[in-house]
Amino acid sequence: FVLLYALLVIAFGAGYRVADALSTEPLFASKSGPLRLAFSDAMYFSIVTLSTVGYGDIQPVDDGIRLLASLQIVTGLLLLLFGVSELLRGRNGPRE
């Protein structure tokens with residue numbers, strides 16, 4: 001579970017970084033204005049998004065990036081749901 005969670009953070013963080021690097025305009029904004037993401041910023045945004053904390057210090061301003069962030073949130077919640085399901089199934093013991 002933790003490995004899949006970490007892989008999601010890395011994969012989406014890399015996606016944010018690549019999308020921002022390929023764009024002609026910054027796809028993110030901070031309180032001080034438009035922001036070009038460094039890889040560490042992309043990982044931070046990915047962790048905050050996947051955990052659904054949403055501090056708001058880095059915000060997506062492009063519809064495509066917002067869609068990608070929404071997809072990350074849904075994926076993270078599904079992973080959490082299946083993880084809890086597996087824990088509960090394992091707690092009840094094997095079924096015959």
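The values are calculated or read from the model by the stated rules, or taken from the named source; none is laboratory data. Predicted model, so just to flag it, every value in this text is computed and none were measured. Ideal geometry is used to build each Cβ from the backbone, glycine not excepted, and the neighbour counts take in all protein chains shown. SASA here: full protein model, heavy atoms, side chains in, ligands and nucleic acids out. Shrake-Rupley method; radii C 1.70, N 1.55, O 1.52, S 1.80 Å.
See the values below:
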item	result
Leading residue by the ranking (surrounded by the most Cβ atoms within 10 Å (Cβ to Cβ)) among those in segment 55-96 that are farther than 28 Å from Ala29 by Cβ and of a type in the set (Gly, Ala, Ser)	Gly83
Some residue of segment 67-90 being over 22 Å from Phe1 (Cα atoms), touching a strand residue (DSSP E or B) at 6+ places or on another chain (Cβ under 7 Å) and modelled with pLDDT of 90 or more	no
Filter result (open to solvent by 40 Å² or more (accessible area, probe 1.4 Å) and more than 13 Å from the chain's Cα centre (by Cα)) within segment 36-54	Arg36, Ala38, Phe39, Ser40
Segment 1-53 - residue that is without any contact (Cβ under 8 Å) to a residue 24 or more places away in the chain and in contact with an Asp or Glu (Cβ under 7 Å, 6 or more places away or on another chain) and, of those, nearest to Leu80 (Cα to Cα)	Leu37
Any hit, segment 83-96, residues being β-branched (Val, Ile, Thr) and touching a helix residue (DSSP H, G or I) at 6+ places or on another chain (Cβ under 8 Å)	no
